[in-house]
Structure formats: structure tokens, C-alpha cells
1. Please verify whether Glu446 is within 23 Å of the chain's Cα centre (by Cα) and farther than 23 Å from Arg265 by Cβ, treating the condition exactly as stated.
2. Tell me the residue from Asp295, Asp304, Asp326, Asp317 that is under 29 Å from the mean Cα position of the chain (by Cα) and surrounded by fewer than 16 Cβ atoms within 10 Å (Cβ to Cβ), please.
3. I'd like to know if region 413-434 contains one or more residues that are away from ligand 2 (no atom under 16 Å from the Cβ), more than 24 Å from the chain's Cα centre (by Cα) and not assigned by TED's automatic domain parsing to the domain that holds Glu553.
4. Which condition does Gly234 not pass, out of (1) part of a helix (DSSP H, G or I); (2) without any contact (Cβ under 8 Å) to a residue 40 or more places away in the chain, if it passes all the others?
5. Could you grab me the full set of residues in region 434-449 that are of a type in the set (A, V, I, L, M) and open to solvent by 10 Å² or more (accessible area, probe 1.4 Å)?
6. So Ala459 passes all but one of these: (1) under 22 Å from the mean Cα position of the chain (by Cα); (2) not in a helix (DSSP H, G or I). Which condition number does it fail?
7. Has region 460-469 got at least one residue that is over 27 Å from Ser283 (Cβ atoms), within 16 Å of ligand 2 (Cβ to nearest atom) and open to solvent by 10 Å² or more (accessible area, probe 1.4 Å)?
Amino acid sequence: MRATEAPRARTRGVRRLRFAALAALAGVVSAAALLAVAELVALVIARDGSPVLAVGSFVIDIVPRWAKEFAIETFGANDKLFLLASIGAVVVVAAAVAGVLQWLRPPLGAVLIALAGALAVIAIVTRTGATPLASVPTVLGTVVGVVLLTVLVKRLRRWRDAVVTDVPTPASHPVAPSVAPPVAASRRARDGVAPVPASAGSATPGAAGEPGEPRRASVDRRRFLVLTAIVAVGSAVVGTGSRVVAAATSSLAGIREALKIPSARTSVEVPAGAELDVPGLSSLYTSNADFYRVDTALTVPSIDPATWSLTVVGMVDTELTLSFQDLVDLGLDEYSITLTCVSNEVGGELLGTAKWLGVPIRDVLAMAGPQSGADMVLSKSIDGFTASTPLGTLTDDSLDAIFAVSMNGEPLPFEHGFPVRMVVPGLYGYVSATKWVTELKVTTFEADEAYWTPRGYSAEAPIKLSSRIDTPRIDKQVAAGPLKIAGVAWAQTVGIEKVEVSIDNGDWQAATLSTAVNADTWVQWVMDWDATTGTHYVAVRATDKAGNLQIEERAPIAPNGSSGWQRTLITVA
Ligand SMILES: Nc1nc2c(c(=O)[nH]1)N[C@H]1C(S)=C(S)[C@@H](COP(=O)(O)O)O[C@H]1N2
Ligand SMILES: [Mo]
């Protein structure tokens, strides 16, 4: 007897852990069902009732600034993903805890889910502008979550009881509950289920050994697992589907689609030869879908153009406010401008070119009348981001600094600043290209600081003249024979005069340039080369129209942009 006691205790321990884990799974699946039902109901009756969005925004509002900055510093462009993943992780852990609680101390798990639902409802109804029905989706979802958790854990308990009661060793069962209640019996008592005698159930005690499962247990197991799987898959499909449909058909998306942007008075003339035909070379205009995105916004701001306004304040003769209509009524023109991020490394992809429809910022500033002494414009986004742009750059008649309302023939995409953003040729985005812009404050560099200035970046940052090799790529082997080496070069506001390529540290040879659209738009370059088998070094450098040679010395992106000639390897087979 004693010899078999220890292994049996171990088996019991493993079993207990396994069932606790399954209970945790039941909790997670119930929470998923809660969210899925709420998302579906929100889609149908109250768009602002999505608990995922409401709780997400709530958390983002209360996350301390240092945590946001940590996320941005550590995860860069993935900061939002990180925050959402953290929220998701908390939800999963809490749901698992609810499952285990429901298993160990029913109905505490169900109570926990109900409490979480109540908190979500509070987050929803306290958001500004919440509609009366907004709480309904989460209330219904919570009811479903609570019911499911109760049912799932009940099924799990039945399965566990079947396993326990079917254990063939008689010695562990005949003990009277009042003397030393076995765990199972006490649980059943708490559930109001009468203890099942060892002989009950479809399996014959003794017929089932430990490894082979008794029949009743396998039936109960299936009942639990099948329901769990159905709920898990159903929630994933319904929840994701609802979110996707909601996002695709949000009223703001509809407003953007329907937005009538007046046609431009002038359009960009793209000269013949502006676009080279080389496979692997960046296209002259970057599609909106491929355009890089960099910002600190945790959720893309939603702004209805009907309520959007731009105010000009600070050191001006007349403070003024323009509506979207006022702005476009000033007259739209088309501009071709290459946007560049200060975080673009040598050879990097954080730049792109678009045709923008917009209004010169100088026209708006002129209406307000900047006062003498002012030397900076602090532009503000609805989400709190700010950029410091030299006033002179924005008032210069020969520079096309604009408020853009359209990008490559459509209203600005939400991620790129809908409904209005700034685009300033020749300055890195962080000091000029404010998306979702709502205010200009005419001020001084002395008096005001923009978002990135105290974070290690210069208050003023002209784009450094640079060039990039697009093809061949370092990771793609090419065949020997005639080969086109090609890429882009940019020197916004000045223009590119020359691009040179050096192979295997040989002489610098002039590449062929595409015909420039204007000085604010990158040019493409190409060099024909008879590739010989082996590995080759290729380097590129550009010279601008003012005669400046691209800086050879490498510099990191902070504080004011990377420099250095790109050198890459080409493997010719
Ligand atoms: N509101 C807001 N505007 C912003 C930013 C931001 O974080 N918030 N980032 C700027 C930076 S650093 C760059 S490089 C450009 C990028 O514009 P894009 O995302 O449209 O490519 O937007 C600028 N405008
Ligand atoms: Mo940037």
C-alpha cells in the first residue's frame, strides 16, 4: 500500500494542475466570447459601444507619460502594438484568473468577469459623447461571458469527477466525506451536486486503468473540449469580423470617402523621362498604402472635417480660425514633395514622395499677420504632438510649405493626417509635417519647444542631401551579365545635380538621372554595369544643384539626421 501512495499522490497533483489549466482556458475563452458578442452588438446597434476601443482609449489616457515614452524609445514604430499587446496580455491573465477562481471558489470567477464587464461599461459611458445605447453591447457580452464560464467550468467539473470517481483503486473512495472529504466530494457538495458513488457512471470501476480513460470521463471530456473549441473559434471569427467590418464601415470612413475636395487650380506636370523603368527601383510616386508612417499617436485620431478647425494664435495681429471649407476655399494647388523622416538611416526606407493638394501656409499666416520678433511656428496636432518650424520657411514665397488635404488623388488617409496636415519641403517631418494639425502658434524658438526637442533632437532640422541604392538588393543574388544598378537621390528645395557610383572602390562614375519633377521631389538614378561573377562593393553619393557633395562621414539619426554614403554588397552568380 505505502509503495503505491507516492506515485498516486503525484498523479493527483498533475491532474489537479491540468484541470486548473483547463479552467484558466475556460476563463480566457469566456472572455473572448464576451468581447466578440459585445463587438458584434456594437456593430449593429451602437458603434461607440465597443469595449475594446473604449477600454483601449481609457488605458491610453491613464498610462503615465514615462511609460509612453519608454514604449516609444524601446519599440519605436511598434510602440502602439506594444501597448495594445500589453492590454491584451492583462485581459488574458485576468480571464485565466477568473477561470481558475471559478474552478476553485465558484462563483468568484463569474463575479470577476461581471466586475470587469461593469468596469468596461463605466469606461464606455464616461467617454465624451457616449450615446444612450453604448453600454448595451458590453452588458450583453458580459451576460454571455458569465453564463459561458459557469457552463464550461461545470462541464469541466463533471469531467474531473468522472476521472476521479472512476479511479479503480477502492481505497481512495470509501472514506466517508464527514471524516476526510475527498476534494471531489467537497466540490460537488458546494455545487449542490450529490456525491456520486464510486460505482456510478458508465465505466466499470476496475475495468479502466490509469492510462486508459473510462468511458464516462471521455464523454465528459469531449463535452467540455468541444464547447470550448466552438466558443474559441466562434469568438475569434465573430470578434475579428465585427472589428474589421466596423473599421471598414465606420461613419468617419464613410465621411472620408464622400468628402468632396474641390479640384486643384494647377496640377503637377510630370515631365517625360521622370520615371525610369528599372525593376526593383522605387516608383517616382509612393502609393498611399506603401507610404511610410511615423508618429507618436497611439490611436489614429478621428477628426470629422465638418468639426475640424485650424486656429492661428500667438504673436499675430489677428488671431483667426478657419474651417475645412474656409481652408479649401482659399484655392487648392497640386504639389510634388518628397517627405523624409529624421529617423531614416543610410539606405533606409523612411521617405516617400506624393502629389499633395493643398494651400500655402504663408497665405494663412498672412491673414493673421505675424508680428516682428517671432521666428518660429509651433504647429499642434489634435493628439498633442507639436513641431517647431522656422517662421521664415513658412512665409518664404519661393518655398511650397502647405496645408495638405489630399495625397495622391484621395483625401489624406487617416494615418497620414486626415483631414489636414502640413508638408514642408526641405525639413524633416518631425519639425514640419504635423498631421491632424489644428493650431499654429506664432512664437519664438526662445519661448517654445516642440515635442522632440527635449528628447534629443534639434529644434531645427533641414533634410540632409542623400542617395540610396534600391537595386540590386544585398540579400538577392543576381546573374552575371548586363545589370542595372539603380536608386533614388534627394535634396529637397535644392535639387539633385549628379549621382555617382563606385564599384569595388573604383572611380566614381556618373549615373543617368531621371528628369526631375521639381527640386522638392527625389530623382531616380540608374547605372548600367556588366556584372562579373563574385561579390562586389557598390557605393553611391549625390551632389546637389548648389554644388554640395553628400557628406561621406557617417552620423547617427540623432540629433538631426543620418549622413554617410551608402555602400552595399552585390552577389553575382
Ligand atoms: N501629429 C503628428 N504629426 C506628425 C508626427 C507625429 O508623431 N504626430 N510625426 C512626424 C514625423 S517624425 C514624420 S517623419 C512625418 C511622417 O509622416 P507620414 O507618417 O505621413 O509619413 O509626420 C510628422 N507628423
Ligand atoms: Mo520623422
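The values are calculated or read from the model by the stated rules, or taken from the named source; none is laboratory data. Every value quoted in this text rests on a predicted model; they were computed, and no experiment measured them. Heads up, the Cβs are rebuilt from the backbone with ideal geometry, glycines too, and the neighbour counts pull from every protein chain shown. Keep in mind that these areas ignore ligands, DNA and RNA; they rest on the heavy atoms of the full protein, side chains included. Shrake-Rupley method; radii C 1.70, N 1.55, O 1.52, S 1.80 Å.
1. Values: within 23 Å of the chain's Cα centre (by Cα): no; farther than 23 Å from Arg265 by Cβ: yes.
No.
2. On the way: Asp295 fails: surrounded by fewer than 16 Cβ atoms within 10 Å (Cβ to Cβ); Asp326 fails: under 29 Å from the mean Cα position of the chain (by Cα); Asp317 fails: under 29 Å from the mean Cα position of the chain (by Cα).
Of Asp295, Asp304, Asp326, Asp317, the one residue that is under 29 Å from the mean Cα position of the chain (by Cα) and surrounded by fewer than 16 Cβ atoms within 10 Å (Cβ to Cβ) is Asp304.
3. Within region 413-434, none of the residues are away from ligand 2 (no atom under 16 Å from the Cβ), more than 24 Å from the chain's Cα centre (by Cα) and not assigned by TED's automatic domain parsing to the domain that holds Glu553.
4. So Gly234 meets the others, but not (2).
5. Within region 434-449, the first condition is being of a type in the set (A, V, I, L, M), and the residues that meet it are 437, 440, 442, 447.
Ala447 - this is the single residue of region 434-449 that is of a type in the set (A, V, I, L, M) and open to solvent by 10 Å² or more (accessible area, probe 1.4 Å).
6. (1)
7. We begin by selecting, within region 460-469, every residue over 27 Å from Ser283 (Cβ atoms); these are 460.
Right, trim to within 16 Å of ligand 2 (Cβ to nearest atom) and you get 460.
From what is left, the residues that are open to solvent by 10 Å² or more (accessible area, probe 1.4 Å) are 460.
So far as region 460-469 goes, yes, one or more of its residues are over 27 Å from Ser283 (Cβ atoms), within 16 Å of ligand 2 (Cβ to nearest atom) and open to solvent by 10 Å² or more (accessible area, probe 1.4 Å).
Conditions (1) surrounded by fewer than 15 Cβ atoms within 10 Å (Cβ to Cβ); (2) in the same structural domain as Val41 (by TED's automatic domain parsing); (3) hydrophobic (A, V, I, L, M, F, W, C); (4) closer than 17 Å to Ala33 by Cβ, marked per residue:
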{"site": "Ser86", "(1), (2), (3), (4)": "yes, yes, no, no"}
{"site": "Ala94", "(1), (2), (3), (4)": "no, yes, yes, yes"}
{"site": "Gln102", "(1), (2), (3), (4)": "no, yes, no, yes"}
{"site": "Pro106", "(1), (2), (3), (4)": "no, yes, no, no"}
{"site": "Ala116", "(1), (2), (3), (4)": "no, yes, yes, yes"}
{"site": "Ala123", "(1), (2), (3), (4)": "no, yes, yes, no"}
{"site": "Ser135", "(1), (2), (3), (4)": "no, yes, no, no"}
{"site": "Thr138", "(1), (2), (3), (4)": "no, yes, no, yes"}
{"site": "Gly141", "(1), (2), (3), (4)": "no, yes, no, yes"}
